[in-house]
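Visitor: Let me give you the structure first, and then I'll get to my questions.
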Amino acid sequence: MELVVFYTLAGFSVVGALLMVTRKSPLAGALALVVSMAALAGLFAMLHAEFVFILQILLYAGAIMVLIIFTIMLLNLSPKELKERPVGKVKGLIIFAATVAGFLGFLRVLLMLPEGVPYVAPTFGNIEEVGALMLSSYMFPFEVISVLLLVAIVGIVVLAKKSI
Amino acid sequence: MVTIHHFMVLSAVLFFIGVFGVLFRRNLIVIFMSIELMLNAVNLSFVTFARYTQSMDGHVVAFFVMALAAAEAAIGLAILVMIFRNRATVQADDLSLMRD
């Protein structure tokens, strides 16, 4: 039963990702990516990560994708501007071989991981537990992230102005 | 039984689809979305390791990655709009001033 759920969600996320990479229209790609990210949110729920699951829906499938789709519509590209210039054959083959080799190397490392599913408490991954960890051991990175977000906001305001 | 291998293979597949997107496509928006996909795949492996090592540190790191991705998305898209306003192009190989 668990395997069926896993393969369904995995299928949705992989097909969504493939469509995103192969579609010519960026808007179709963005919509496929939303499906992929929603399926990933389901996988997070399978891994007992409630907090990350909620954030994935809110932040990725929600906020970031809305921003991307909004930008695509704002740019309003014509078919001429969307015309894809393919990568050269030799170059493409080299890239393909290198990526597949990297993937196989990764799988080789993966085989060393232990089998078996350890037990986790029902409270594992809920907002209370993750929040307590985040605001104790990870206090400093948390503050750094808030400064980073502030810098990002200022940076966008500067970029978006026509003349500074 | 869904083991760590299932999730890690899925994570690797998604990551390498993202790599293909970055290397084979010339459209800046698609390259950008491929980077988001790669970040998502890495998040999946963080959360997987959190589950199978029974410690929640992976969840916290995944949260930081998401915050970083949000900042990156906002700035990246602002830069993209600026490039389009000044150069009227979204093709990566039209922007080769620093390369040749």
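Visitor: One residue is enough: does region A:29-52 have a residue meeting the conditions among the aromatic types (Phe, Trp, Tyr) and over 20 Å from B:Leu68 (Cα atoms)?
Guide: no
Visitor: Taking the stated definitions as given, is B:Ile31 more than 8 Å from chain A (Cβ to nearest Cβ) and either within 14 Å of the chain's Cα centre (by Cα) or in a helix (DSSP H, G or I) (or both)?
Guide: Judged against the criteria, B:Ile31 is a match.
Each row is one residue, and each column tells you yes or no for (1) in contact with a Pro (Cβ under 8 Å, 6 or more places away or on another chain); (2) at pLDDT below 90; (3) of a type in the set (D, E, K, R).
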site: B:Val9; (1), (2), (3): no, no, no
site: B:Arg25; (1), (2), (3): no, yes, yes
site: B:Ala74; (1), (2), (3): no, no, no
site: B:Phe84; (1), (2), (3): no, yes, no
site: B:Leu95; (1), (2), (3): no, yes, no
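Visitor: Of the numbered conditions (1) in contact with a helix residue (DSSP H, G or I) (Cβ under 6 Å, 6 or more places away or on another chain); (2) more than 8 Å from chain A (Cβ to nearest Cβ), B:Ser55 satisfies every one except a single condition; which is it?
Guide: Answer for B:Ser55: the failing condition is (1).
Visitor: Out of the residues in region B:1-52 meeting the condition of being farther than 12 Å from A:Ala17 by Cβ and charged (D, E, K, R), tell me which one is surrounded by the fewest Cβ atoms within 10 Å (Cβ to Cβ).
Guide: Among those that are farther than 12 Å from A:Ala17 by Cβ and charged (D, E, K, R), it is B:Arg26.
Visitor: Quick check on my filter: what residues within region A:66-84 are among the basic types (Lys, Arg) and surrounded by 12 or more Cβ atoms within 10 Å (Cβ to Cβ)?
Guide: None; the set is empty.
Visitor: Next up: Provide a single number: the residues in region A:102-141 that are more than 8 Å from chain B (Cβ to nearest Cβ) and not in a loop (DSSP other than H, G, I, E, B).
Guide: The total comes to 10.
Visitor: Quick one: in region A:142-164, which of the residues that are within 9 Å of chain B (Cβ to nearest Cβ) and small (Gly, Ala, Ser) is nearest to B:Arg51 (Cα to Cα)?
Guide: This residue is A:Ser146.
Residue-by-condition table, conditions (1) without any contact (Cβ under 8 Å) to a residue 40 or more places away in the chain; (2) of a type outside the set (S, T, N, Q); (3) closer than 18 Å to A:Ile54 by Cβ:
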residue: B:Arg26; (1), (2), (3): no, yes, no
residue: B:Phe32; (1), (2), (3): no, yes, no
residue: B:Ala70; (1), (2), (3): yes, yes, yes
residue: B:Arg85; (1), (2), (3): yes, yes, no
residue: B:Gln91; (1), (2), (3): no, no, no
residue: B:Leu97; (1), (2), (3): yes, yes, no
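Visitor: Would you kindly identify the helices (runs of 4 or more DSSP H) lying entirely within region A:49-90 that contain at least 1 residues that are within 8 Å of chain B (Cβ to nearest Cβ), closer than 30 Å to A:Phe124 by Cα and within 12 Å of the chain's Cα centre (by Cα)?
Guide: Counting at least 1 such residues, we get A:50-55.
Visitor: For residues that are surrounded by 14 or more Cβ atoms within 10 Å (Cβ to Cβ) and either more than 10 Å from chain A (Cβ to nearest Cβ) or among the small types (Gly, Ala, Ser) (or both), tally how many sit in region B:84-94. Before you say what the answer is, go through the steps one by one.
Guide: As a first pass, look at region B:84-94 and keep what is surrounded by 14 or more Cβ atoms within 10 Å (Cβ to Cβ): B:84, B:89-92, B:94.
Narrowing the set further to residues that are either more than 10 Å from chain A (Cβ to nearest Cβ) or among the small types (Gly, Ala, Ser) (or both) leaves B:92.
Looking only at that region, the number is 1.
Visitor: For region A:23-33, name all the residues that are part of a helix (DSSP H, G or I) and in contact with a Gly (Cβ under 8 Å, 6 or more places away or on another chain).
Guide: A:Ala32, A:Leu33
Visitor: Another one. Can you tell me which of (1) more than 30 Å from A:Glu128 (Cβ to Cβ); (2) in contact (Cβ under 8 Å) with a residue 24 or more places away in the chain; (3) of a type outside the set (A, V, I, L, M) is the one B:Tyr52 doesn't meet?
Guide: Failing condition for B:Tyr52: (1).
Visitor: Write out, first by first residue and then by second, each pair whose Cβ atoms fall under 9 Å of each other, whose residues are 6+ apart or on separate chains, and whose first residue, in region A:75-100, is closer than 15 Å to A:Val21 by Cβ while the second is among the small types (Gly, Ala, Ser) and part of a helix (DSSP H, G or I).
Guide: From region A:75-100, the pairs are A:Pro86/A:Gly92.
The values are calculated or read from the model by the stated rules, or taken from the named source; none is laboratory data. Values in this document were obtained by computation on a predicted structure and should not be read as measured data. Positions of Cβ are backbone-derived with ideal geometry, glycine not excepted, and every protein chain shown enters the neighbour counts.
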